[in-house]
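For reference, the structure discussed in these notes is given below.
Nothing in this text is a laboratory measurement; each read-out follows from the coordinates by a stated rule. Fair warning: this is a prediction, and the values are worked out from it, not measured in the lab. So basically every Cβ, Gly included, is an ideal-geometry build from the backbone, and we count neighbours across all protein chains shown.
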Ligand code: BJW
Ligand code: ZN
């Protein structure tokens, strides 16, 4: 049992079935049941810190070792986690229906891992989600800005042991978007375009307080589409939503999507 209101569930299924173009926007809550802590709230990753204190460029300039230590710990945490039934239900939706775009604020790789697991040997390869805030498993150079995949161990015991660029020798940093930094314009423009043209924006597990991600569902609503929220708690988007399913994503999404994702 999810405790989801049956009327809301029926309404929500109708929205999914009746939509040709669906934008799915996810946040930390979709990975909570995998064991990845969220940012805000009771069990939040940043309960002892304010998000702005570590996830900002000034913090990295002041103390790159501390910031890297935090990211190294988060990488290890995510490596020990697996996609949950919520990630997998979304992956099946994207594989089985055209017109579904997955946009995530998460920097873990659980959506991509779920997509690979659900796709198996099926061709073509599943589309990579649009990652608004970057990835824990990429780095970028603070000198020459070169980006690359990086999932090996990080030694954050001293500033001298932090990873450095093989081209110019400058410090590498996590390829994530910190407060006050701009999102990759190609990624946010692609997401905005999908938001404008979507019939439905399915918003899962985000407190919807961080901009510009939090505006995407508003863009869909302003263009005449519907918003559907999956979250145990209310958010600033709730008043905009045509339906809100109150419960954990890992339980709610399979019930919502597995009966209505069969349309070719
Ligand atoms: C469950 C669940 C379960 C639990 N199932 N659900 C306009 C107005 C005001 C301010 C701004 C503005 N435009 C820009 C800003 C400034 C700033 C901002 O938004 N500040 C606000 C906080 C006020 N934005 C920026 O700086 C952005 N840059 C930008 O816009 O550049 C141009 C610009 C700069 C300066 C001024 C103006 C323009 C960049 C934002 C980057 C955010 N980066 C982070 C860190 C990424 C790297 C990392 O991970 O370390 O991204 S912050 C953090 O928050 C992370 C997340 O992706 C993001 C969102 O958090 P999310 O996913 O919503 O998680 P939570 O924890 O908040 O919520 C979890 C939810 O799940 C809750 O609702 C639970 O109920 C729910 N839940 N269990 C389903 N089982
Ligand atoms: Zn470099």
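Things worth noting here:
- Three-way shape label, region 201-264, alpha-carbon gyration tensor, a/c 1.5: oblate
- Per-residue ellipticity at 222 nm, computed for the chain from helices alone with -39500 (n - 2.57) per DSSP H run of at least four residues, works out to -10000 deg cm²/dmol.
- Rounded tilt (10° steps) of 85-96 against the dominant C-alpha axis of the chain: 70 degrees
- Scaling the Cα radius of gyration of region 71-210 by the globular reference 2.2 N^0.38 Å produces a ratio of 1.16.
- Sites residue 151 and residue 119, calculated FRET efficiency, Cβ-Cβ separation with R0 25 Å, nearest 0.05: 0.75
- Against the chain, whose longest principal axis is taken from its Cα atoms, helix 6-17 shows a tilt of about 80°.
- Highest mean packing first, where packing is the average number of other Cβ atoms within 10 Å per residue, the peptides 224-237, 141-154 line up as 224-237, 141-154.
- Centre-to-centre, using Cα atoms only, region 60-118 and region 199-255 are separated by 19 Å.
- For region 1-106, the fraction of C-alpha pairs farther apart than 15 angstrom is 74 percent.
- In a fully extended conformation the segment linking residue 193 and residue 167 would gain 5.8 nm over its present Cα-Cα distance, using 0.36 nm per residue.
- A protection proxy built from the mean count of other Cβ atoms within 10 Å ranks the segments 189-201, 4-16, most packed first, as 189-201, 4-16.
- Straightening the chain between residue 17 and residue 98 buys 27.9 nm, computed as 0.36 nm per residue apart minus the Cα-Cα spacing.
- Highest mean packing first, where packing is the average number of other Cβ atoms within 10 Å per residue, the peptides 72-84, 211-223 line up as 211-223, 72-84.
- Length gained on full extension, residue 234 to residue 258: 6.2 nm, using 0.36 nm per residue less the C-alpha separation.
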